[in-house]
Amino acid sequence: MKVTLLGTGSPIPSPDRAGPATLVQAGATNLVFDAGRGVLMRLSAAGVIPPFVHRLFLTHLHSDHTTDFNDFVTTRWAMSPVDNPLPITGPPGTAAYVDRVLHMLSDDIGYRLEHHADLNWNPGCSVTELLDGAHPADDVLTANGVTITAAPTDHRPVAPTVGYRIEHEGTVVAIAGDTIPCEGLDALCAGADIYVQTVIRADLVTAIPVPRLQDIHDYHSTVEDAARTATKAGVRTLVLTHMVPAPFPGSEPEWIALAAAHFDGEIILGPDLTVIET
Ligand SMILES: [Zn+2]
Ligand SMILES: [Zn+2]
């Protein structure tokens, strides 16, 4: 499998890091996880246009992970030569969220339907919601030799949140989303070739005297947390993303050293469009 970091940024705008989104390509299957700021720009740079995405997965409904969903659904609709509903998998609340976004877009949808004679269907989304209630894990789908499972993660008070495990030809990729270490995360990562984790630098966040920023400590993995999860699960490669705060250019080795104190495997912290293969 091929993993492309479409966006490695966080809610804080950055000139060169788009919002959180990750592309996983398993054979000819294109899977996108989250739809943060700039997702379609990065997706096009990775050589994929919206009509060719097989499924969009949401880890949770925080705005930094969903803010360009409207662009995703509109552009897929406008670029597709035939009705091509977007399959979406996400936590409970996803269907209502999608309905509200489509409602927000109703003016634009009306303009385009009226103007283009060959466009006579509404933008469609087929939504599957996961982890509604106490299910420990959900089978998401098996298709084209790709098996995806999901497990609950812990980003409380944001709940429920979901992480994903993608298996293809004997290799495994785990996409965690925002979470602290937890049982569900351990299950997703067990023996993974690649584990992608959103992280914060606790020492740097603590040093920024903004009370609102201090609130993020208790619901995100630190760099060290991610490394400990990777060790516990026997992961091959740990990939850090959604770094808060965004690393100053040249400081990347510092971040990697913090992780390396707790994990012996490969550690990657790169720019947007970094590619990692299983
Ligand atoms: Zn979040
Ligand atoms: Zn986030």
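The values are calculated or read from the model by the stated rules, or taken from the named source; none is laboratory data. Owing to the predicted nature of the structure, the values given are computational and were not obtained by experimental measurement. Glycine also receives a Cβ, built like all others from the backbone with ideal geometry; neighbour counts cover every protein chain displayed.
Scan segment 57-68 and give yes if some residue there is within 16 Å of ligand 1 (Cβ to nearest atom), charged (D, E, K, R), at pLDDT 95 or above and buried (at least 18 other Cβ atoms within 10 Å of the Cβ), otherwise no.
Checked against the condition, which is being within 16 Å of ligand 1 (Cβ to nearest atom), charged (D, E, K, R), at pLDDT 95 or above and buried (at least 18 other Cβ atoms within 10 Å of the Cβ), segment 57-68 yields at least one hit.
Can you tell me which residue among Asp215, Asp186, Asp203, Asp178 is among the charged types (D, E, K, R) and not in a helix (DSSP H, G or I)?
None of the others qualify; the one that does is Asp178.
Testing Asp83 on (1) of a type outside the set (Gly, Ala, Ser); (2) more than 16 Å from ligand 1 (Cβ to nearest atom); (3) in contact with a Gly (Cβ under 8 Å, 6 or more places away or on another chain); (4) in a helix (DSSP H, G or I), one condition comes back false. Which one is that?
The number of the failed condition is (4).
Provide a single number: the residues in segment 157-171 that are away from ligand 1 (no atom under 15 Å from the Cβ) and over 16 Å from the mean Cα position of the chain (by Cα).
Looking only at that region, the number is 5.
May I ask you to verify whether Ile175 is surrounded by 21 or more Cβ atoms within 10 Å (Cβ to Cβ) and out of contact with any helix residue (DSSP H, G or I) (no Cβ under 9 Å at 6 or more places or on another chain)? Let's see the steps before the verdict.
Numbers: surrounded by 21 or more Cβ atoms within 10 Å (Cβ to Cβ): yes; out of contact with any helix residue (DSSP H, G or I) (no Cβ under 9 Å at 6 or more places or on another chain): no.
Spelling it out, it is not the case that Ile175 is surrounded by 21 or more Cβ atoms within 10 Å (Cβ to Cβ) and out of contact with any helix residue (DSSP H, G or I) (no Cβ under 9 Å at 6 or more places or on another chain).
With the requirement that a residue be touching a residue at least 12 places away in the same chain (Cβ under 8 Å), over 16 Å from His262 (Cα atoms) and away from ligand 1 (no atom under 16 Å from the Cβ), what does segment 190-243 give you?
Result: Ala190, Gly191, Ala192, Asp193, Ile194, Leu204, Ile208.
Working carefully through the options Val53, Val3, Val24, Val48, find the one that is modelled with pLDDT of 95 or more and in contact with a helix residue (DSSP H, G or I) (Cβ under 9 Å, 6 or more places away or on another chain).
Result: Val53 is the single residue among Val53, Val3, Val24, Val48 that is modelled with pLDDT of 95 or more and in contact with a helix residue (DSSP H, G or I) (Cβ under 9 Å, 6 or more places away or on another chain).
Mind checking whether some residue in segment 113-121 is closer than 22 Å to Val53 by Cβ, surrounded by 15 or more Cβ atoms within 10 Å (Cβ to Cβ) and without any contact (Cβ under 8 Å) to a residue 40 or more places away in the chain?
No, segment 113-121 contains no residue that is closer than 22 Å to Val53 by Cβ, surrounded by 15 or more Cβ atoms within 10 Å (Cβ to Cβ) and without any contact (Cβ under 8 Å) to a residue 40 or more places away in the chain.
Taking interchain pairs and intrachain pairs at least six residues apart, which have beta carbon atoms under 9 angstrom, with the first residue in segment 252-278 and in a helix (DSSP H, G or I) and at pLDDT 95 or above and the second of a type in the set (Gly, Ala, Ser) and surrounded by 15 or more Cβ atoms within 10 Å (Cβ to Cβ)?
Going by the 9 Å Cβ cut-off, the qualifying pairs are Leu258/Ala227; Ala259/Ala226; Ala259/Ala227; Ala259/Ala230; Ala260/Ala227.
Residues Val53, Val127, Val39: which one is within 16 Å of ligand 2 (Cβ to nearest atom), closer than 29 Å to Asp186 by Cα, within 21 Å of the chain's Cα centre (by Cα) and in contact (Cβ under 8 Å) with a residue 24 or more places away in the chain? Before the answer, list the steps.
On the way: Val53 fails: within 16 Å of ligand 2 (Cβ to nearest atom); Val127 fails: within 16 Å of ligand 2 (Cβ to nearest atom).
Exactly one of Val53, Val127, Val39 is within 16 Å of ligand 2 (Cβ to nearest atom), closer than 29 Å to Asp186 by Cα, within 21 Å of the chain's Cα centre (by Cα) and in contact (Cβ under 8 Å) with a residue 24 or more places away in the chain, namely Val39.
Got a sec? Which of Ala35, Ala46, Ala18 is surrounded by fewer than 22 Cβ atoms within 10 Å (Cβ to Cβ) and either touching a Ser or Thr at 6+ places or on another chain (Cβ under 9 Å) or closer than 19 Å to Thr128 by Cα (or both)? Working first, answer last.
Working: Ala35 fails: surrounded by fewer than 22 Cβ atoms within 10 Å (Cβ to Cβ); Ala18 fails: surrounded by fewer than 22 Cβ atoms within 10 Å (Cβ to Cβ).
Selected residue: Ala46, the only one of Ala35, Ala46, Ala18 that is surrounded by fewer than 22 Cβ atoms within 10 Å (Cβ to Cβ) and either touching a Ser or Thr at 6+ places or on another chain (Cβ under 9 Å) or closer than 19 Å to Thr128 by Cα (or both).
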